[in-house]
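Please read the structure below before turning to the comments.
The values are calculated or read from the model by the stated rules, or taken from the named source; none is laboratory data. Note that the structure is predicted; figures quoted are calculated from it, not measured. Reconstructed Cβ throughout: ideal geometry from the backbone, glycine too, with neighbour counts over all protein chains shown. Just so you know, the surface numbers come from the protein's heavy atoms only, side chains and all, with ligands and any DNA or RNA stripped out. Shrake-Rupley method; radii C 1.70, N 1.55, O 1.52, S 1.80 Å.
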Amino acid sequence: VVLRPASSSRQPDLRGGADGLALASDPGGTLNLLAMVENLQGDSGRGYYLEMLIGTPPQALNILVDTGSSNFAVAGVPDPDVTSYFNTELSSTYKSQGIDVTVKYSQGSWTGVLGTDVITIPKGIYGSYTINIATILESENFFLPGVKWHGILGLAYDALAKPSSSVETFFDSLVRQAKIPNIFSLQMCGAGLPVSGSGTNGGSLVLGGIEPSLYKGDIWYTPIKEEWYYQVEILKLEVGGQNLELDCREYNADKAIVDSGTTLLRLPQKVFSAVVQAIARTSLIQEFSSGFWTGSQLACWDKTERPWSLFPKLSIYLRDENSSRSFRISILPQLYIQPILGIGETLQCYRFGISSSTNALVIGATVMEGFYVIFDRAQRRVGFAVSPCAEVDGSPVSEIEGPFTTADVASNCVSSVSFHEPVLWIASYALMSLCGIILLILIILLLIPPRCQHRYTDNDVVNDESSLVRHRWK
């Protein structure tokens, strides 16, 4: 890890002091960061979840941590794929708002009803808080067999909240009611472990600050470009130290986000193809089935082998807060060649932890398991630091290096037009209104009786040679 010089991108000390925050050094305060260490369980294949107590008397549920959505929702009725659900009739503090809500994800969807109730987090901030909760009444491909969570905690901005941005998000409610700093941080410890294992991999969701024991070296920050998802700006990718040489806008088409609720590193199709070609070219495997790259096939090796030595390192360059500089986060193949299935006593099978995407580059769990990630909403930036738990066989599998110059990169790699969902709706309504006006004018013109008889000349006749649709005019 290269230590960076002091700059505006360094994190201020949040461990107590003149600002009066009651943090880890003050066990009697409302914010004890050390108490939140190891409060997550799960794996990269099925997500990391946090235990919450909801309602009065409290009902214990496991809630998936998702930085790529903004609704807090829990199973509200029995479901064959969940072991518990929130029974609103048993809670004396539950209040229904009577508002239907539907949320669709890249995979799966659910429909429910908005309400409010009190929550506490056993390994979180002290106290009980009133939060907007959607109870899920119907779902499709949302709860899956084997998952150990019963709801989802959307930690993105209110712009993504359904049915509208007026629904206060979970974290905004905590910041307002508990008076905690507008920052949270996330560590997921699943590096080199089966992606769908026992579900007991460790992890930490630190609400309101940064816990020093969860990272090594320095924190490097990149600006949040738009406050909806945690959208960042990616400048380039390298495979095995070789630049892919793509236009930097390709990496941000149509957005690049940091999303703990996405399992893989997802890349726009053009970038994905270039990465696969580069990995195949630089790996020590001469021929490899295309099904492995597309996710339809597993690759299996003898359990005594370590296939990771056959593959190159992957690096992602992010723009620094100082826009003339960048830094790179790198993952070794131990993070993207993922153990998933053992066959008998001799074989271990792996999947490719990278996939293609139609609408975004998504830094998901494949990458995030290598880092302690700080979502500094107060200063509109996302930070990355090397995670001590990102080790396989005692060796680190992630790196951060910098700074690098951005002289060879465009000054802006993100489209100036943000195609946010609300904007698309406004544009759609505007176009429909315009079409309606034009249609009304045409109807009026058709209904107005002709004032005079037009006398055709030879130049008015549409003949077969000049007509786009022959024989239509008679």
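Within the stretch 286-306, being under 23 Å from residue 392 (Cβ atoms), part of a loop (DSSP other than H, G, I, E, B) and either open to solvent by less than 30 Å² (accessible area, probe 1.4 Å) or small (Gly, Ala, Ser) (or both) holds for one residue alone: 295. Within the stretch 140-159, the set of residues being surrounded by 20 or more Cβ atoms within 10 Å (Cβ to Cβ) and at pLDDT 95 or above comprises 150, 151, 152, 153, 154, 155, 156, 157.
When the residues of the stretch 70-101 are filtered to those that are polar (S, T, N, Q) and in contact with a Phe, Trp or Tyr (Cβ under 7 Å, 6 or more places away or on another chain), the one that is least open to solvent (accessible area, probe 1.4 Å) is 70. Listed by first and then second residue, the pairs with beta-carbon distance under 7 Å, at least 6 apart or on different chains, first residue in the stretch 121-139 and at positive phi and open to solvent by 10 Å² or more (accessible area, probe 1.4 Å), second in a loop (DSSP other than H, G, I, E, B) and aromatic (Phe, Trp, Tyr), form an empty list.
When we screen 61, 53 for residues that are in a strand (DSSP E or B), open to solvent by less than 10 Å² (accessible area, probe 1.4 Å) and at pLDDT 95 or above, the only hit is 61.
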